[in-house]
Amino acid sequence: MTMTPRLEHGLLLLLIVMILVPVGLIIFVSGEVPYRIVPGEPVREAAQNSGITVTSVKDTMWNLPGATGGKLYTLSDNAGNILTLSTQTFDSAESRDGAIRIYNAHPVGRGKPVGSLIVIGQHVIYVTPANSPILQQIAPELKKKIPH
């Protein structure tokens, strides 16, 4: 069974639109987060302000240019949900944004872990699982920390 050239072009156009529309929306909807020093530990503070328990905190260092150190948090709530967040601070906007580009350069399942990135000033926060109820609870507190 062969397709007519018109149908082939229509399918090709549909595939292109299906790829470009979500990418375009992401580019237009997401704004750049300014780089500035945000004092303290935004994750710990957001968890405490949201009534979430900080179960453990460990120092961590990502092997990326400009990384200056961070924390690995395990959070839990009263319903038994657990959330792991890894943070890293960067010495410049260029190194922070480079880390984000590296993360986004890999498709899921091919070197890219399944999770989400949150950027607050010099902090890059990796969250897994990205659909955790705990993240929904602390997200409003984290948003308060984003420099405008």
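The values are calculated or read from the model by the stated rules, or taken from the named source; none is laboratory data. Here the structure is a predicted model, which is why all the values come from computation and not from measurement. Cβ placement follows ideal geometry from the backbone for every residue including glycine, while neighbour counts extend to all protein chains displayed.
Below are the figures for this structure:
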| item | result |
| --- | --- |
| Which listed residue, of Thr84, Thr60, is β-branched (Val, Ile, Thr) and under 15 Å from Leu135 (Cα atoms) | Thr84 |
| Complete set of residues in segment 36-85 that are in a strand (DSSP E or B), touching a Phe, Trp or Tyr at 6+ places or on another chain (Cβ under 9 Å) and buried (at least 18 other Cβ atoms within 10 Å of the Cβ) | Ala67, Gly70, Leu83, Leu85 |
| Scope segment 97-148; condition over 23 Å from Ile82 (Cβ atoms), in contact with a strand residue (DSSP E or B) (Cβ under 8 Å, 6 or more places away or on another chain) and at pLDDT below 80; matching residues | His106, Ile146, Pro147 |
| Residue pairs meeting the criteria (Cβ under 8 Å; at least 6 apart or on separate chains; first in contact (Cβ under 8 Å) with a residue 40 or more places away in the chain and of a type in the set (D, E, K, R), in segment 45-64; second surrounded by 13 or more Cβ atoms within 10 Å (Cβ to Cβ) and part of a helix (DSSP H, G or I)) | Glu45/Glu141; Glu45/Lys145 |
